[in-house]
Amino acid sequence: MQQPRKSTKVKKATNTSIQSDEDFCSILQNAQSIRNAFGKLELLVLEKTPKLLAITEHWQCDDAIRTYNLKGYKLALCFSRPQGKHGGCAIFLFRGVGLHGKDRY
């Protein structure tokens, strides 16, 4: 019988949540402006290599959020407020990781 996977949840900072087990690591980051937090995000993905990086409060319009490239990651999904003021979320996936299911909800 297969043993259950051990999972850990680490709260690194007030705006970062990391969930990982042996096979999968995901990070949820409340960026409060990806423009200001991008350097921190680059270091975070280099250190932890998550399969999924979810960013909330990126504060960008759709066109602008698509210009942010994290090495080894692709922007899988994003949502922006119409004016690009505050709010917004984006999901970056590590190369080779795909999404399955409905395209839109």
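I want the local charge near GLY87. Using Cβ-Cβ distances under 11 Å, sum +1 for each Lys or Arg and -1 for each Asp or Glu among the other residues. Don't skip to the end; give the middle numbers.
Numbers: positive: ARG81, LYS85; negative: GLU57.
Every neighbour counted, the sum reads +1.
If packing is taken as the mean number of other Cβ atoms within 10 Å per residue, what is the order of 62-72, 20-30, 47-57, highest first? Walk me through the numbers before you get to the answer.
Numbers: 62-72: 13.5, 20-30: 15.6, 47-57: 17.5.
Going from most to least packed, we get 47-57, 20-30, 62-72.
What does the charge count around VAL97 come to, taking other residues whose C-beta lies under 13 Å from its C-beta (Lys +1, Arg +1, Asp -1, Glu -1)?
Values: positive: LYS51, LYS74, ARG95; negative: ASP23.
The answer is +2.
Every number here is computed from the coordinates shown, using simple stated rules; none is lab data. All figures in this text were calculated on a predicted structure; none of them were measured in a lab. Positions of Cβ are backbone-derived with ideal geometry, glycine not excepted, and every protein chain shown enters the neighbour counts.
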